[in-house]
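K.L.:
My questions all concern the structure below.
The values are calculated or read from the model by the stated rules, or taken from the named source; none is laboratory data. Note that this is a predicted model, so its numbers are computed, not measured. A quick note on method: Cβ atoms are made from the backbone with ideal geometry, for glycine too, and the neighbour counts reach across all protein chains shown. Keep in mind that these areas ignore ligands, DNA and RNA; they rest on the heavy atoms of the full protein, side chains included. Shrake-Rupley method; radii C 1.70, N 1.55, O 1.52, S 1.80 Å.
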Amino acid sequence: MSRIGRLPVVIPNGVTVSVTPDNVVTVKGSKGQLVKTMHKDIKIAVEDSNVLVTRPSDDKNHRALHGLTRALVHNMVVGVTEGFSKTLELVGVGYRAQLKGKKLVLSLGYSHPVEIDAMEGVQFETPDANKIIVKGIDKELVGSVAADIRKWRKPEPYKGKGIKYIDEHVRRKEGKTGK
């Protein structure tokens, strides 16, 4: 039995979870609503204030889907109650971020500023010129937008310049040694 899949997902007060016969899970909470279609083989049931996920067999594919489905439902419940956020840090001389309306404008050493539009369900915050906070209720979307921002200037190993996650450790390399 899957260690993660067998755990019930507790539904907090103010959150409603509904499952249709074709495995479309809808979670509504104070921050919004998330809808996701799960795999048809996995059975999802709402009992009392818990969501239970069961699998039909011990097939390798079903075992993998069991834990995945439970984790996706749990992330939906957490998203509509608390939300998710990723913090990015800009390291480098002249690297800075600012908000213009809902658009994020980055100065990253290119000849032009990089402008990133906020997707539906994602908000940007810039507490200072070197930090970007990406917030939203969908964990997958928040992580994807943060990764897209990071792609503009990945941290390089010699000087450490670039866009990195706040908890990321950039492995530094020693430069050339001259004689």
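K.L.:
Return the FRET efficiency for the residue pair Lys28, Tyr110: r is the Cβ-Cβ distance, R0 is 41 Å, and the value is rounded to the nearest 0.05.
P.N.:
After rounding, the FRET efficiency stands at 0.45.
K.L.:
Taking only Cα atoms, what is the 0 to 90° angle, nearest 10, from helix 60-81's long axis to the longest principal axis of the chain?
P.N.:
So the inclination is approximately 70 degrees.
K.L.:
OK, next. Share of the chain's accessible area from carbon and sulfur, percent, 1.4 Å?
P.N.:
Carbon and sulfur atoms account for 49 percent of the accessible area of the chain.
K.L.:
Tell me the trypsin sites (Lys or Arg not before Pro) within region 23-107 that lie in a loop according to DSSP and have at most 12 other beta-carbon atoms within 10 Å. Can you show the working numbers first?
P.N.:
On the way: sites: Lys28, Lys31, Lys36, Lys40, Lys43, Lys60, Arg63, Arg70, Lys86, Arg96, Lys100, Lys102, Lys103; in loops: Lys31, Lys40, Lys102.
Within region 23-107, the qualifying trypsin sites (Lys or Arg not before Pro) (loop, at most 12 other Cβ atoms within 10 Å) are Lys40, Lys102.
K.L.:
Could I have the simple spin-label model distance between Trp152 and Lys173, label points 7 Å from Cα toward Cβ, reported in nm to one decimal?
P.N.:
Each label point is offset 7 Å from its Cα along the Cβ direction, giving 2.5 nm.
K.L.:
Oh, and also: To one decimal place, what orientation-averaged projected area in nm² is obtained for the convex hull of the Cα set of the chain?
P.N.:
Average of the hull's projected areas for the chain equals 14.7 nm².
K.L.:
First select every other residue whose beta carbon is under 12 angstrom from the beta carbon of Glu115; then total the charges, Lys and Arg +1, Asp and Glu -1.
P.N.:
+2
K.L.:
Something else now. Can you pick out the pairs among Lys40/Lys139; Lys36/Lys100; Lys100/Lys159; Lys86/Lys151; Lys103/Lys151; Lys131/Lys161 whose Cα atoms lie more than 25 Å from each other? Write down the numbers at each step before the final one.
P.N.:
Working: Lys40/Lys139 22 Å; Lys36/Lys100 32 Å; Lys100/Lys159 30 Å; Lys86/Lys151 15 Å; Lys103/Lys151 17 Å; Lys131/Lys161 14 Å.
Correct reply: Lys36/Lys100; Lys100/Lys159.
K.L.:
Kindly express, to the nearest 10 degrees and within the range 0 to 90, the angle between helix 139-151's C-alpha long axis and the longest C-alpha principal axis of the chain.
P.N.:
Once rounded, the angle reads 20 degrees.
K.L.:
With just the Cα atoms defining each centre, how far is region 121-176 from region 32-62? Give it in Å.
P.N.:
33 Å
K.L.:
Taking only protein heavy atoms and a 1.4 Å probe, what accessible area per residue, in Å², does the chain have with all protein chains in place?
P.N.:
On a per-residue basis, the chain sits at 63 Å².
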